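Enquirer: Sharing a structure here in structure tokens format.
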């Protein structure tokens, strides 16, 4: 067991898979010699060499297209899109090519690849380098979508993503790169499609993803300490496949549901989950499900503004307290 | 037309009787072009009978390019096509019945009705897909070539597209990417003079939309007569040799003309009067019949090939008409690799 940063866990996760399987290659902008703009891939170029770890031009379409061509002919590429906001310039591959090739070809074409990307706010980069766009990927049939919140999950879910036979979009949260956590020694392989109860509780279920997980946890501790409310916090981890059973099971015990989403309000992942719970567990609920999200607006750059729009521990505490005491 | 034509290999002793291409290959090229022509014509006729549904983009008049590039390939080489991909798919040996069956949305279709005309794919024949988003497949072909380079495989990825594709970003990203990494990929621009309904010259800064951009990526400027299958075959062979030798990509602009509109919906009224007739004098099949005669191949041999092809296409048509629609139980299969479509537990 060693303490590792989320950033170093990315490199460890990729290295674990590259060492295991020579079909795994990795490329993106500034990822090789520079070790990535977030320094999340430091050492991979030195360990695996220029054939397997490559710097590309600033050509997001070429990066994702090449990953697909390599995947459909037998490799297991990992491609990096530096900021998830840039999905908008290569969305054809994410929306039209990766996820539809298998179906359209009646199962002939395979697309086992991973797209890693820096997602989320907190770095004061403004509206085009701070977005949480996991819902852009979640809405597309044929993709799998994961977003780890801890260094251990980064390694385990990276392994699961690389070994998965479908295209996986892997959202790393930029504001988590510097966070630390215990990571066991040896190989770690997780499972796509499993949520995790990170804090058991009986009064309400709080669902969160990525950066919102530590905030939901901190809020749950305060709700317990200050208001005597015992909340269950679930790290959703994987939006597709979605661990619906874990969510429905929790709501069946707590009878209240809150989602904490960094994405802007409309069509965020919480909306889909709330609709599933309303559909399938309506009579388990003792009150309306509540979504805590970023408002439906572009993200501001200034720190005081950015801090005001992202769900905060205070906002989670206040929203849950008010709802439960209503 | 070529400023720098690709030089044909030295003529062998056989050249005096025939030439570097030889009778067997030449007959194969002829048969292939006739098959592509008649299969496309049949697809058109079947529209008119309302037996082909959806849209369809025909390669009538462009057969020499598909035939020449495919004939020069080795088994294992990979084709990446556009939505105008019937001809390139057939040229790799995919049976006509499979293609017409897909167009007619029958269970005997290549993808059993799940892909349609614009997405013909036959991995076992090296047809790695037909892509309906302009430019999307150029980077994908780069990726397949990257795998070949990485593993030391001998295959070449060949990517076909129209003149309109040269004005989209993915074209330029892919050309640069392939050139920088010296990938074994051959980019083939079929310049049929129109991007959909608009003359390509009206919307492009240079005369030759592909070739005049080649120098930006350090590549040779190549423009060829795309209606002469021999020229196409020789050019393709040289590009494949270059790719297999690790010398990197080629970009080849083939001048041609489509005899029909852009798609099923287009009667092509935007063409100036007489243009189609002028190009029909340079019909690739007409050119090739004259070529066969020039090399002493008798009319009886040609007529026999024509009859065999028609018989095969008639049989394929009947088989498709008799085939059932695809069963409903495949509707939800192959969304994910586990065979199903489940996104939740």
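Read-outs throughout are calculated quantities, based only on the coordinates presented, and are distinct from any laboratory measurement. Given the structure is predicted, the values throughout are model-derived calculations rather than measurements. Reconstructed Cβ throughout: ideal geometry from the backbone, glycine too, with neighbour counts over all protein chains shown.
Enquirer: Checking the a/c ratio against 1.5 first, then a/b against b/c, what shape does the Cα gyration tensor give for the range B:78-157?
Expert: Judged from the Cα gyration tensor, the range B:78-157 comes out prolate (a/c at least 1.5, a/b above b/c).
Enquirer: Another question, if that's okay. Once the cut-off is 31 Å, how many percent of the Cα-Cα pairs in the range A:2-183 end up in the long-distance tail?
Expert: It works out to 8 percent of all Cα pairs.
Enquirer: If you don't mind, there's one more thing I want to ask. Over 10 Å intervals from 0, what percent of Cα-Cα pairs in the range B:32-116 sits in each interval?
Expert: Whole-percent P(r) values from 0 Å outward: 19, 53, 25, 3.
Enquirer: Looking at the protein assembly as shown, send over the antiparallel percent of its DSSP beta bridges, to the nearest 5. Each step should come with its number before you reach the end.
Expert: Details: 12 of 69 bridges.
Close to 15 percent.
Enquirer: A further question follows. Pick from B:191, B:50, B:108: which is most flexible by mean-square fluctuation in a GNM of chain B where alpha carbon atoms under 10 Å apart are linked?
Expert: B:50
Enquirer: When you count, for each residue, the other Cβ atoms within 10 Å and take the mean per peptide, how do B:221-229, A:205-213 rank with the highest first?
Expert: A:205-213, B:221-229
Enquirer: Can you pull the mean other chain C-beta count within 10 Å for peptide B:142-155?
Expert: For this peptide, the per-residue mean of nearby foreign Cβ atoms is 6.
Enquirer: State the Cα centre-to-centre distance between the range A:264-313 and the range B:231-287 in whole Å.
Expert: 54
Enquirer: Can you give me the angle between helix A:151-163 and the longest principal axis of chain A, using Cα atoms only, in degrees from 0 to 90, rounded to the nearest 10?
Expert: 50
Enquirer: A further question on this structure: With a Förster radius of 35 Å, plug the Cβ-Cβ distance of residue B:329 and residue A:185 into 1/(1 + (r/R0)^6) and report the FRET value to the nearest 0.05.
Expert: My answer for the efficiency is 0.15.
Enquirer: Also: So how do A:24-30, B:150-156, A:188-194 stack up, highest first, on mean other-Cβ count within 10 Å?
Expert: Averaged packing, sorted descending, gives the order A:24-30, A:188-194, B:150-156.
Enquirer: Continuing with this model, one more query. Can you compute the modelled spin-label distance between residue A:33 and residue B:244, with each label point 7 Å from Cα toward Cβ, in nm?
Expert: Reported label-point gap for residue A:33 and residue B:244 is 3.4 nm.
Enquirer: How many angstrom lie between the C-alpha centres of the range A:26-65 and the range B:40-58?
Expert: Here the answer is 47 Å between Cα centres.
Enquirer: Take the alpha-carbon centre of the range A:146-199, take the same for the range A:66-136, and report the distance between them in whole Å.
Expert: Their Cα centres are 17 Å away from one another.
Enquirer: Please list, by residue number, everything in the range A:181-210 whose backbone N is under 16 Å from a paramagnetic label point 7 Å out along Cα→Cβ of residue A:3.
Expert: Only A:181-185 fall inside the zone, counting backbone N under 16 Å.
Enquirer: For the modelled label position 7 Å from the Cα of residue B:281 along Cα-to-Cβ, which residues of the range B:194-214 have backbone nitrogen atoms closer than 18 Å?
Expert: Counting backbone N atoms under 18 Å from the label point, the list is empty.
Enquirer: Determine the principal axes of the Cα atoms in chain A, then give the extent along each, sorted from largest to smallest and rounded to whole angstroms.
Expert: If we take the Cα atoms of chain A, the spans are 60, 42, 39 Å.
Enquirer: Same structure again: What spacing in nm lies between the two simple spin-label points modelled at residue B:44 and residue B:107, each 7 Å away from Cα in the Cβ direction?
Expert: 3.3
Enquirer: Same structure again: Show me B:39-45, A:105-111 ranked by packing, highest mean number of other Cβ atoms within 10 Å first.
Expert: Listed from highest to lowest mean packing, they are A:105-111, B:39-45.
Enquirer: Let me ask something else about it. Let me confirm one metric for peptide B:169-178, namely the mean number of other chain beta-carbon atoms within 10 Å of its residues' beta-carbons.
Expert: Values: counts 6, 8, 1, 3, 11, 6, 1, 4, 8, 2.
Average neighbour count from other chains, rounded to a whole number: 5.
Enquirer: Another question, then. Across the range A:102-258, how large is the tail of the calculated P(r) beyond 21 Å, expressed as a percent of all Cα pairs?
Expert: 51
Enquirer: May I ask you to work out the translational diffusion coefficient for the protein assembly as shown at 10 °C, viscosity 1.306 mPa s, via Stokes-Einstein with Rh from the Kirkwood sum over Cα pairs, reported in whole µm²/s?
Expert: 59
Enquirer: Where Rh is the Kirkwood radius over the Cα pairs of the range A:179-325, the temperature 4 °C and the viscosity 1.567 mPa s, what D in µm²/s does Stokes-Einstein return?
Expert: 82
Enquirer: Here's something else I'd like to know. Could you work out, residue by residue across A:53-61, how many beta carbons of other chains sit within 10 Å of that residue's beta carbon, and then give the average as an integer?
Expert: Taking the mean over all residues of the peptide, I get 5.
Enquirer: If each residue of separation counts as 0.36 nm, what is the full-extension length gain between residue A:285 and residue A:297 once their alpha-carbon separation is subtracted?
Expert: Value of the extension gain: 1.3 nm.
Enquirer: Also, I was wondering about something else. Would you calculate the separation in nanometres between label points at residue B:203 and residue B:300, each defined as 7 Å from the Cα along the Cα-to-beta-carbon direction?
Expert: Placing both labels 7 Å beyond Cα along the Cβ direction yields 5.2 nm.
Enquirer: A further question on this structure: Can you give the calculated 222 nm mean residue ellipticity of chain A, where each DSSP H run of n ≥ 4 adds -39,500 (n - 2.57) and the sum is split over every residue, rounded to the nearest 500 deg cm²/dmol?
Expert: -11000 deg cm²/dmol
Enquirer: Okay, moving on. Which shape class applies to the range B:148-209: rounded if a/c is under 1.5, otherwise prolate when a/b exceeds b/c and oblate if not, where a ≥ b ≥ c are the square roots of the Cα gyration tensor eigenvalues?
Expert: In terms of gyration-tensor shape, prolate.
Enquirer: Something else about it: Considering the Cα positions of the range B:16-330, please state its Rg to one decimal place and its Dmax as a whole number of Å.
Expert: Cα-based Rg and Dmax for the range B:16-330 come out at 18.8, 60 Å.
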